[in-house]
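All remarks here apply to the structure that follows.
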Amino acid sequence: MATLSIKGVRKSYGSLEVLSNIDLELEDGGFLVLLGPSGCGKSTLLSIIAGLEPSSGGDVVIGGRTVNDVHPKDRNIAMVFQSYALYPTMSVQRNIGFGLEMRKVETAARESAVAGAAELLQISHLLERKPGQLSGGQRQRVAMGRAIVRQPDLFLFDEPLSNLDAKLRVEMRTEIKRLHDRLGTSVVYVTHDQVEAMTLGTKVAVMKGGVIQQLADPQTIYERPANMFVAGFIGSPTMNFLEGTLVQDGGGLVLKHAAGALVLTGIEQDVRSHIGRPVVAGIRPETMSAAGGASTLQGSVDVVEPTGPDTMVIVNVGGQMITARLGSRDRPKLGAEMTLAVDTAAVNLFDPESGNRIGGDV
Amino acid sequence: MTNISRRSLMKMGGALMAATALTPSLSFAQAASINYWHTFTSQSEQAGLDQVMALFKAAHPDIAVTPENIPNPEFMAKITAAVVSGSRPNVSMVSSERFRDLLAMGALTDISERVAGWERRADFDDARFASISLDGKIYGVPAFTFVDWMYYRKDWFEEAGIAVPTTLAELYDAAVKLTDPAKGRYGFGLRGGPGGQNPIINMMEAFGSPVLHADGTIGLDREKAIAGITYWSDMAKNAAPPSAANDGFRQIIEGFQTGQTAMIYHHTGSYQDIASKLKPGVEFGTMAIPAGPATRVARLAYAYNTITSDENADASWEWIKFWGEPDAAIAFLEKTGYFPASTTAAADPRITGNEMYKAAAETLGFGIPQPSFPGAAGWAESTVLQAFQRILIGEITPEQAVDEMIAGLAEATA
Amino acid sequence: MSRSLNMPGSRPPRTIWEAISPFRLIGELSETRYWMYLLLLPSALLITAVVLYPTVYGMQMSFREMRLNRPDLGNDWVLFKHYVRMINDPIFWVSLRNTAVWVTSSIVLEFLIGLIAALALNRDLPGTKLLAVLILLPYFLPNVVAGHMWALMLDPRMGVINDLLLKVGLLTEYKAWFADPTTAMAAAIIVEAWHSFPFFTLLIMAGLKGIPTDLYKAANIDGAGAFAQLRLITLPMLKTIIAAAVILRVIGLVNSPDLLLILTSGGPGRSTQVLSLYAFQMAYKDFNFGYAGALSVVMFVFLMLFAWAYVRLSKVNQE
């Protein structure tokens, strides 16, 4: 178990910069998720942490030790790959014990370690098989067994669940969380799946274009996204962006938009600098309701999508489409005029030019 | 269009067919195309062939000859395959030791009648046809002669004060004297590799053990054969380059050309190749094969041209008899060194007036033909040569080698 | 006839033309289970003509008297005469031993050089593409050309190899490589290895492309060094390809005498005489096709046994 610090790590291939000046801190026992669309540099960063790829600059510090020039095998890390990277010609037993075998651990000790890991992962009955004879979920477990058997300081997961079907993915996600809770080892976990990020991470780094957009706990990321990219990337359905102008109306703030005005009460941002200027209001679909209230949006119903527990309603507000997550009983008629009440305390205001969240928290 | 009935169409077709049936005899009778399998490899041989073909083309513009080079070691395999599969060449060059094998497999055509009616038949001794005839039937026309002789470094001999040897004993002494491995100089460029079988057989005969006896029986006289083999293997060990066991035609010629060896045993066909590197009469000379204790064995072998396919046989005959024309034969000699088979051509002043050809002219007087019987070539190549090489690498003694040869001969002729 | 081929539910022909239309008949035939055999027929005929017939013909030849230059002996059946002769033929046994040496040494050398070359070329470094083409060049040379080329390079008088070794100081005088029984075989094996190692390179490179790079990353983290990765990951993953390559090369080496024919003709003496060369000489120099056929049958049987045993021992057909 150890802390991880990334200090000013850069990576470029010729003139192409894929990581620029990354700074990260992960506390001992923490679970850091690197989240982002493909090509954002998250896997490269993981490879640099593992030592599989050299960085172009900066330091990787694991457990207080700078490991820039340390071979992967000496970093005391374990990695689970998207492809699982199981050795096809070896039995499950040998696959799991391979790291120990290479470290010249005695056979008896090795076997008991493998047996322990196998038991933890409920794959004791598969030890004699070859990877080719296993299902996807079983391979996943073997890959994890190979990682945990060595009791490393740091686990690295590279999109470990993306090759599984939806049901297994949920199951294994839970499994990983349970393992982390149980072992308490620090984890760096790469994914493009926001649900995995939100459920697993104690800390999430949202990346784009080789830059960390926001590094925070999942709740902050969700509720107070640092910019419109993070806001739009996290959450499903995605956050609504309502364009308008921020005006001071008496004591309160009002967002004037194409189809009226939204009274903003309880805004948790310092937005004084933007009064009288265009802003974008980020409104999460679930912060709206069909009931009336002080802050409302009016528009005509464009699409109604019942999903079972909820009903997604898309409302045309002066030409801007706003998605609201309503209760399952709310079934407005298509084309009908409707009023949506907005919990404006949950609204985030962004600067449309920079895309960044305006001001700091109040 | 409807006027053309089916019947009129058929009539037209019939007329067309009749016309095409007639035309070949009118338009193609003049031209014939034949292919010619030969084993010429060196540049000088190729030049000689080109020369003969040019002369032939001038004399017979109606016959197109397509030469096809078949490397000598592959010749028997190729022609066997051609005969078995029915894709025979029109004309093939056949050396005397291959005659009996080819005849036995039915590759050759009897041309006794054509030869009998040939206007140049009188230019050739009967003996010239001996190694291409069996039971009174003739199967080929001699194209040129392989006259066995030797080349020697005249300058080295003079420097060492050695006379040109006339006996095998003298040959051995001279070869040993001229050998100095420290200088990279060897007295004799002995051919112990591919193609080296004939001198080995000649040595046995020179010491009194011919393979084919005058009465037609086949067999070796063990003691005399051992004497011949011992002589030749001593020569290889004491006077030849260490590469002797693998030296074939290219190697012995190069060895002589580059001043590694003082003498080589070959035939007149390599004369131009040697003369292109060394100065005739100054740096090198030619001599007749020295006499052995029992007899003098210098082979006169002939390269024959044979008709190997019934197709275009008339054109083939024109081509093979053309090689007997003195102009063609001498043109070929001048490019290569191969002697004419025709006595008339051999009497041409262009030959008799040349000092360097004297040894060959002499050899024509006492030269003898190759022993030829079915299996002779195979036995010589696989048994005799192999056994001799095994002596050179110290695997067996000359006695054991001769025993192997005797056993192999019995097997080949069983 | 055509009625019986009708599939249930297929539409009956409307006109007489349609009834005899070949397209319709083929279409219907293609729906039956005979279609498979019909499609196989051309290739089956071809294989029979070019593989099966010659093989069987060659086998029956080995039980006959067949000497092309001795028509007087006839072509009678002689049962096992040739096989009995073989047992008592010292050249056969020497050839057999030489074949084993020739094939084993060549394969080992070719495999090692081929593997090293493939591993070197598999790195994505600048210039490897060009190098890959260059390294494959020997394989594109026909045996005959390669043979003559090396015969010249190894020539005791003007060979460049002697020159180089002399300059480096490994030799004190020119060596006649092919006149000495031990160096003749060794030199021939080196020439053969030079000529055919690209075959292994080519196949191994193709195999290496199929090994996921993640495995090496995982192995790096697991602490496996370069040699352990080669031994425990690369080679086991290439097992099938290597097995196939070895079998193909062994068949090629056992069957083709051309390189030795050019370099040594089996000499000096019998020191490089191998079975294929012996059979070739028996057929085309001695014209004894019966005995040559028997030699070929023995080679055939050895090859079958080898392939079977090799597949067994290497366990390539097991999961």
_Using helices alone, I'd like the mean residue ellipticity at 222 nm for chain B: each DSSP H run of four-plus residues gives -39500 (n - 2.57), total over residue count, nearest 500._
-13000 deg cm²/dmol
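Whole number please: convex hull volume per residue of the Cα set in segment A:240-350, in Å³?
Normalising the Cα hull of segment A:240-350 by residue number yields 87 Å³.
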*asked:* Give me the percent relative contact order of segment A:4-233, please, defined on Cα pairs under 8 angstrom at least 6 residues apart.
replied: 29 percent
*Other chains near B:391-397: what is the mean number of their Cβ atoms within 10 Å of each residue's Cβ?*
4
*Stokes-Einstein at 10 °C, 1.306 mPa s, Kirkwood radius from Cα pairs: D for segment B:230-364 in µm² s⁻¹?*
92 µm²/s
*Given charges at beta-carbon only (K, R positive; D, E negative), |dipole| of the protein assembly as shown in Debye*: 2300 debye
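Quick one: pull the percentage of alpha-carbon pairs in chain A with a separation above 33 Å.
Values: 27430 of 65341 pairs.
Cα-Cα pairs of chain A separated by over 33 Å account for 42 percent.
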*Looking only at other chains, what is the average number of their beta-carbon atoms within 10 angstrom of each beta-carbon in C:224-230?*
2
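Sort largest first and round to whole Å: the equivalent ellipsoid semi-axes of chain B, each the square root of five times a Cα gyration tensor eigenvalue.
That gives 46, 24, 19 Å for the three semi-axes.
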*asked:* Counting only helical runs of four or more DSSP H residues, what would the 222 nm mean residue ellipticity of chain A come to if each run contributes -39,500 (n - 2.57) and the total is spread over all its residues?
replied: -7000 deg cm²/dmol
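So if R0 is 45 Å, what FRET efficiency would C:MET304 and A:ASP74 give, r being the distance between their Cβ atoms, rounded to the nearest 0.05?
On the way: r = 52 Å, r/R0 = 1.15.
The formula returns an efficiency of 0.30 here.
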_Could you tell me how many cubic angstrom of Cα convex hull volume segment B:136-282 has per residue?_
136 Å³
*Would you pull out the residues with amide H under 5 Å of A:VAL33's amide H, same chain only if 5 or more places away, H placed 1.01 Å from N?*
A:TYR189, A:THR202, A:LYS203, A:VAL204, A:ALA205
*Add +1 for every Lys or Arg and -1 for every Asp or Glu among the other residues with Cβ under 11 Å from the Cβ of B:ILE330, and state the total.*
-2
_Antiparallel versus total DSSP beta bridges in the protein assembly as shown: what percent is that, nearest 5?_
75 percent
*Relative contact order computed over segment C:82-314 (Cα-Cα under 8 Å; 6+ residues apart), in percent*: 30 percent
*Hey, what D do you get for segment C:170-222 in µm²/s if you plug the Kirkwood alpha-carbon radius into Stokes-Einstein at 4 °C and 1.567 mPa s?*
88 µm²/s
*Of the residues A:PRO131, A:PRO309, A:PRO332, which exhibits the maximal mean-square fluctuation in a Gaussian network model of chain A defined by a 10 Å Cα contact cut-off?*
A:PRO309
*Counting only DSSP beta bridges with both residues in chain B, what percent are antiparallel, rounded to the nearest 5?*
65 percent
*asked:* What's the ranking of A:142-151, C:132-141 by average number of surrounding C-beta atoms within 10 Å, highest first?
replied: A:142-151, C:132-141
*Which entries in the list A:LYS256/A:LYS333; A:LYS11/C:LYS209; B:LYS154/B:LYS183 go over 22 Å, if you measure between the two C-alpha atoms of each?*
A:LYS256/A:LYS333; A:LYS11/C:LYS209
_If the elastic network links every pair of Cα atoms under 10 Å, which of C:ILE113, C:ILE251, C:ILE221 fluctuates the most in the Gaussian network model of chain C?_
C:ILE221
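Equivalent-ellipsoid semi-axes (√(5λ), Cα gyration tensor) for the protein assembly as shown, whole Å, largest first?
Ellipsoid half-lengths, sorted descending, are 89, 40, 29 Å.
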*Mind checking the mean number of beta-carbon atoms from other chains within 10 Å of the Cβ atoms in C:172-179?*
5
*How long, wide and thick is segment C:45-197, going by the Cα atoms along their three principal axes, in whole angstroms, largest first?*
63, 46, 24
*Tell me, what is the percent relative contact order of segment A:153-277, built from C-alpha pairs under 8 Å that lie six or more residues apart?*
14 percent
*Net charge near A:GLY282, counting Lys/Arg +1 and Asp/Glu -1 over other residues with Cβ under 14 Å of its Cβ?*
-3
_I'd like the Kirkwood hydrodynamic radius of chain C, using the inverse of the mean 1/r over distinct C-alpha pairs, in Å._
24.1 Å
*What number comes out for the charge environment of C:THR234, summing +1 per Lys or Arg and -1 per Asp or Glu over other residues with Cβ under 15 Å away?*
+3
*Which residue, B:THR344, B:THR363, B:THR145, tops the fluctuation ranking in a GNM of chain B built on C-alpha contacts under 10 Å?*
B:THR344
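Bear in mind these aren't lab numbers, they're just calculated from the coordinates by the rules spelled out. Remember, it's a predicted structure, so these values are computed and weren't measured experimentally. Here the Cβ is made from the backbone with ideal geometry for all residues, glycine too, and neighbour counts use every protein chain on show.
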